[in-house]
Amino acid sequence: MMKRRQFLGLAAALPVITTFGGWSLFNHAVSAPRFDNTLFLPGADGPFAVLEPNEPLTLVAEQGWLSVPGRGETPFLWYRTKMNGHEYQNPILLLRTGDELDVTLDNQLDEGTIIHWHGLHVPGREDGHPIQTVNPGSQYEYRFRVTNRGGTYWYHTHAHHRTARQAHQGLASFLLVSDDDNEALNDALGLELGNTDLPLVLQDKRFDRLGHLVYQPNPMQRMMGYLGDEVLVNMTPSATHEVQRRLHRLRLLNGSTARIYRLALRADGEAVPFQVIGTDAGLLESPREAHEAFLSPGERLELLVDFAAFAGGDRVELHSLEFEPMAGGGMMGGGMGGGMGRMMGGGMHDGDPLALLEFVVREGEAVTAEVPERLSRIEPIDVTNAAERDIRLDMARMQWRINGEVYDPDRVPIEVDANTQEVWVIRNADRSMPHPMHIHGFSFQVLSRSGGPDFVREQAVNEEGLTVADLGWKDTVLLWPGETVRIAIDFTHNYEGDQLYVFHCHNLEHEDNDMMVNVRVRA
Ligand code: C2O
Ligand code: CU
Ligand code: CU
């Protein structure tokens, strides 16, 4: 078999090969970016360091300057805090199930903002609902107990109508919750957070000529989604990372405003299988081998990758494979796709193949480990008494809608009773685009997926049509054009009184464009 390196040499020497129609692999291989920046990983303090809060925290939302590997300094929005003599920006908050979190948001931006705890089960008052947006110079106090199971959660701005820009410019980080299952897994495999257990946030960004982040969507991008022209992993463009010859846990978060990734690993141009061990809200019952998985904005995916199978010096690349975002949904889908897709991206559209990150395997003894058969226990939500609710996603007058409505802060189109279960039947219009739908305050389970494009149906791992990214406990689920996805939500809680949340699209341009509804959970 021809090795990739020889192959690159050959293709460069014979450029005529690259013009062969259909041999897209050649084109991409030749233009593949070099991975020349060391992946940014959390340190002891500074940007994205791991912080285990053991006292009340004040997070100051402000503009600072972030040094981007290989790039220089850019204005950046972050949450700054101090604890135990260290200063942190956008800390990765590390908590354990049962811990109390006491945070004061201090808004030192020149516009409104609010923090939302994505995936956490909290009372409405603590949620960071967009109507809680606080003015410049004002504070908002949060105090709640973390009741979620262990998992890879995150926190980010939810400023009303300003979420996409503030998130693109920096206001987001991880919130990791640990529990017995997570500790048992990391102990069994000898994994260590920040070393062999890696939080990795994927974000596409745009920079101007000075190397400053720019968020300037045109009207089309405001409607469809703003795509960056490069993808950063942990704010590192063209990132490379050295790994030991052993298992690694990758905690992937799609923190992009609009881009969807079709994740796959490649070594010498060949697919490398991985084990999916977790999704949005923690570990699956058992690991599941996969070759690819979709990750839409807001979703998380936890993988185990075994670098012990490689030799020192081998390179394993994380890619996003090509796909057609508007495919499916019958005749109109494809036609709408090409044109709109191209207009929104300025040359790069969602679904373009991308190289995201390179792992370089270090020389040394391979460490093998047995992955536990059972990672956690997942009780299926009991839907025998569940009410069914229809949710339709479509577009009218250049706005994406939920059940025919755009967001009205004074209306509460969805009211459910506390301590009941519901099945939501979410249908995306045929003539549409992918929408990652997210609910605040509660996790759900995906029951079935149907009607989507072939490349999604081909990924089904069971008879209900679920993909590997649909398994386990979820808070965000992707709907392709023409799809119907059924989810079960358990609205059990013990908070006093009525609670207000939102259900919205996590394409943040769609959210800011009011693809969102209020959800009241009645006491
Ligand atoms: Cu991560 Cu309402 O969002
Ligand atoms: Cu959320
Ligand atoms: Cu959407």
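The table below lists the values:
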item	result
Selection status of residue 325, modelled with pLDDT of 95 or more, assigned to a loop (DSSP other than H, G, I, E, B) and crowded, with 20+ Cβ neighbours inside 10 Å	no
Count - residues of segment 183-219 that are over 18 Å from residue 234 (Cβ atoms), in contact with a strand residue (DSSP E or B) (Cβ under 7 Å, 6 or more places away or on another chain) and of a type in the set (S, T, N, Q)	1
Residue match in segment 218-225 (condition: under 30 Å from residue 515 (Cα atoms) and surrounded by 23 or more Cβ atoms within 10 Å (Cβ to Cβ))	yes
Yes/no for residue 103 being more than 16 Å from ligand 3 (Cβ to nearest atom) and assigned to a loop (DSSP other than H, G, I, E, B)	no
Matching residues, segment 180-217, being in a loop (DSSP other than H, G, I, E, B) and among the aromatic types (Phe, Trp, Tyr)	215
Subset of segment 484-521 [among the hydroxyl-bearing types (Ser, Thr, Tyr) and closer than 27 Å to residue 258 by Cβ]	484, 501
Residue count for segment 170-189, restricted to those that are out of contact with any Lys or Arg (no Cβ under 9 Å at 6 or more places or on another chain) and either among the hydroxyl-bearing types (Ser, Thr, Tyr) or surrounded by 23 or more Cβ atoms within 10 Å (Cβ to Cβ) (or both)	4
Out of 177, 122, sole residue that is part of a strand (DSSP E or B), in contact (Cβ under 8 Å) with a residue 40 or more places away in the chain, away from ligand 3 (no atom under 16 Å from the Cβ) and of a type in the set (Val, Ile, Thr)	177
Residue within segment 397-412 that is touching a Lys or Arg at 6+ places or on another chain (Cβ under 6 Å) and acidic (Asp, Glu) present	no
Members of segment 63-80 found to be buried (at least 18 other Cβ atoms within 10 Å of the Cβ) and of a type in the set (D, E, K, R), listed by number	80
Residue list for segment 102-113, restricted to those being touching a residue at least 40 places away in the same chain (Cβ under 8 Å), surrounded by fewer than 23 Cβ atoms within 10 Å (Cβ to Cβ) and either over 20 Å from residue 92 (Cβ atoms) or of a type in the set (Ser, Thr, Tyr) (or both)	104, 108, 109, 111, 112
Yes/no for residue 298 being touching a residue at least 60 places away in the same chain (Cβ under 8 Å), at positive phi and within 16 Å of ligand 2 (Cβ to nearest atom)	yes
Close pairs from segment 491-519: first over 25 Å from residue 146 (Cα atoms), partner within 13 Å of ligand 2 (Cβ to nearest atom) and in a loop (DSSP other than H, G, I, E, B), Cβ under 8 Å, at least 6 apart	507/297; 508/297
Boolean, residue 501 is closer than 25 Å to residue 396 by Cα and more than 16 Å from ligand 3 (Cβ to nearest atom)	yes
Failed item, numbered, when residue 426 is tested on (1) closer than 30 Å to residue 179 by Cβ; (2) in contact with a Phe, Trp or Tyr (Cβ under 8 Å, 6 or more places away or on another chain); (3) part of a strand (DSSP E or B)	(2)
Filter result for the condition that a residue is within 16 Å of ligand 1 (Cβ to nearest atom), surrounded by 24 or more Cβ atoms within 10 Å (Cβ to Cβ) and charged (D, E, K, R), over 483, 511	511
Selected residue (only one of 159, 164 is buried (at least 24 other Cβ atoms within 10 Å of the Cβ), under 19 Å from the mean Cα position of the chain (by Cα), more than 30 Å from residue 459 (Cβ to Cβ) and of a type outside the set (Ser, Thr, Tyr))	159
Qualifying residues in segment 510-519 (those that are of a type outside the set (A, V, I, L, M) and within 16 Å of ligand 2 (Cβ to nearest atom)) - the one nearest to residue 165 (Cα to Cα)	512
Segment 251-295 - residue that is in a strand (DSSP E or B) and of a type in the set (Asp, Glu) and, of those, farthest from residue 203 (Cα to Cα)	285
Per-region count, segment 75-92, residues under 24 Å from residue 210 (Cα atoms) and within 22 Å of the chain's Cα centre (by Cα)	6
Residue, farthest from ligand 3 (Cβ to nearest atom), within segment 80-100, restricted to residues that are in contact with a Ser or Thr (Cβ under 9 Å, 6 or more places away or on another chain) and either of a type in the set (Gly, Ala, Ser) or within 19 Å of residue 298 (Cα to Cα) (or both)	98
Residue within segment 118-132 that is polar (S, T, N, Q) and farther than 18 Å from residue 258 by Cα present	yes
Residue count, segment 222-250 (criterion: in a loop (DSSP other than H, G, I, E, B) and among the charged types (D, E, K, R))	3
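The values are calculated or read from the model by the stated rules, or taken from the named source; none is laboratory data. Predicted, not measured: the structure shown is a model, and the values here were computed from it. Methodologically, a virtual Cβ is constructed for each residue, glycine included, from the backbone with ideal geometry; neighbour enumeration extends over all protein chains shown.
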